[in-house]
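Engineer: One structure follows; several queries about it will come next.
The values are calculated or read from the model by the stated rules, or taken from the named source; none is laboratory data. Keep in mind it's a predicted model, so treat the numbers as computed, not measured. Here the Cβ is made from the backbone with ideal geometry for all residues, glycine too, and neighbour counts use every protein chain on show.
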Amino acid sequence: MGKGSIKKLTNTMIKLFRNIRQKLAAENKFMAYSRYAIGEIVLVVIGILIALSINNWNSQKKLRGEELNMLNEIKLNLKTCKEELQYTLKSNKQFENNYILLLEHIEGKRPYKPELDTIFSQVHAWQSPYLTYSAYETLKSKGADIIQNDSLRIQIINIYESAFTYLSKDWDQSEWRDSQSVVVPYFVKHFARDIDSLKAKPIDYDALIADPEFANILRKLITNRKWGNNACEGISNYLDTVVANIDKELETRGFKSDTQ
């Protein structure tokens, strides 16, 4: 029975009770009049309670719909983040491997090769992860409690507030600080970059391979890159788990979306 039907029935009953009450009042039947007056009040109260229950049910239904749409948006964002982390991991693993190759070349006192100029040009480069926060920002504005599943809500919050913060604040800013304070100043002093090819050649290769500072810089870069790559890999795997859990929640609750 809809809200309009209940209201109509309630109004009909009120009119019926009112007519009976007026008739009893006219006949001066006080006790019967009182009972019917009380019955009319009770009926009105019941009607109000039913209307409030229906209104609350409709509000909860709307809220649950918003929750499922929110979860679906977060899932799509996390899939985008997964792709970004995979790209970041691939790029930084290549940097890591190049630095290891260069360190072995330097420590082995091997002769200069033009092929090394590409790696030399990358000593102050790394790939930062550009993660998608739009759905999570919307969730925060609505209140994270909109997600009923406690475990799933905690996982989503941990992804954004802990894992992603670790990558963007701890690791990425550490790379930035080292680059600006150590690597770039050393690079500018000891390398000449070709404007056209963007490759970089040592100004004095023999002095470079004899300089322990450059070898230490390479070791630091390798350590930083391993640190970031391990974090990216672990968080990427955790993303798979969270996305799978969101999919399970949506499927269990019968959510259908055109975008999966």
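Engineer: Would you call L89 in a helix (DSSP H, G or I), under 23 Å from T241 (Cα atoms) and among the aliphatic types (A, V, I, L, M)?
Structural biologist: yes
Engineer: Next up: Can you name the number of the only condition in (1) assigned to a loop (DSSP other than H, G, I, E, B); (2) in contact with a helix residue (DSSP H, G or I) (Cβ under 6 Å, 6 or more places away or on another chain) that A125 fails?
Structural biologist: (2)
Engineer: Considering only residues of segment 168-189 that are of a type in the set (D, E, K, R) and more than 12 Å from S128 (Cβ to Cβ), which is farthest from the chain's Cα centre (by Cα)?
Structural biologist: Checked segment 168-189; the qualifying residue farthest from the chain's Cα centre (by Cα) is K189.
Engineer: Got a number for residues in segment 62-112 being within 20 Å of L221 (Cα to Cα), buried (at least 19 other Cβ atoms within 10 Å of the Cβ) and within 23 Å of the chain's Cα centre (by Cα)?
Structural biologist: 4
Engineer: Could you check segment 151-184 and list, in sequence order, the residues that are farther than 21 Å from N77 by Cβ and free of Cβ contacts under 8 Å to residues at least 24 places away in the same chain? Explain how you work it out, then say what you get.
Structural biologist: Going residue by residue through segment 151-184, those that are farther than 21 Å from N77 by Cβ are 170, 173-184.
Selection gives D170, Q173, W176, R177, Q180, S181.
Engineer: Being assigned to a helix (DSSP H, G or I) and at pLDDT below 95 is the requirement here; does I106 meet it?
Structural biologist: yes
Engineer: Exactly one of these conditions fails for T88: (1) at pLDDT below 95; (2) touching a Pro at 6+ places or on another chain (Cβ under 6 Å). Give me its number.
Structural biologist: Of (1) at pLDDT below 95; (2) touching a Pro at 6+ places or on another chain (Cβ under 6 Å), only one is false for T88: (1).
Engineer: Continuing with the same structure: Is it fair to say S236 is over 20 Å from the mean Cα position of the chain (by Cα) and either modelled with pLDDT under 95 or part of a helix (DSSP H, G or I) (or both)?
Structural biologist: Working: over 20 Å from the mean Cα position of the chain (by Cα): no; either modelled with pLDDT under 95 or part of a helix (DSSP H, G or I) (or both): yes.
Judged against the criteria, S236 is not a match.
Engineer: Okay, moving on. Name the residue, out of F255, F214, that is modelled with pLDDT of 95 or more and not polar (S, T, N, Q).
Structural biologist: Numbers: F255 fails: modelled with pLDDT of 95 or more.
Every option except F214 fails the conditions.
Engineer: Given the conditions (1) on the phi < 0 side of the Ramachandran plot; (2) touching a residue at least 40 places away in the same chain (Cβ under 8 Å), and given that L198 satisfies all but one, which numbered condition is not satisfied?
Structural biologist: All conditions are met except number (1).
Engineer: Okay, moving on. Among (1) farther than 16 Å from K79 by Cα; (2) exposed (fewer than 12 other Cβ atoms within 10 Å of the Cβ), where does N237 come up short?
Structural biologist: (1)
Engineer: Which of the residues that make up segment 177-200 are buried (at least 16 other Cβ atoms within 10 Å of the Cβ) and touching a strand residue (DSSP E or B) at 6+ places or on another chain (Cβ under 9 Å)?
Structural biologist: Residues satisfying the conditions are F187, H190, F191, K199, A200.
Engineer: Still on this structure: Among the residues of segment 204-224, which ones are assigned to a loop (DSSP other than H, G, I, E, B) and among the hydrophobic types (A, V, I, L, M, F, W, C)?
Structural biologist: A210, the sole residue that qualifies.
Engineer: If N230 meets every condition in (1) farther than 18 Å from Y99 by Cα; (2) part of a helix (DSSP H, G or I); (3) not aromatic (F, W, Y) apart from one, which number is that one?
Structural biologist: (1)
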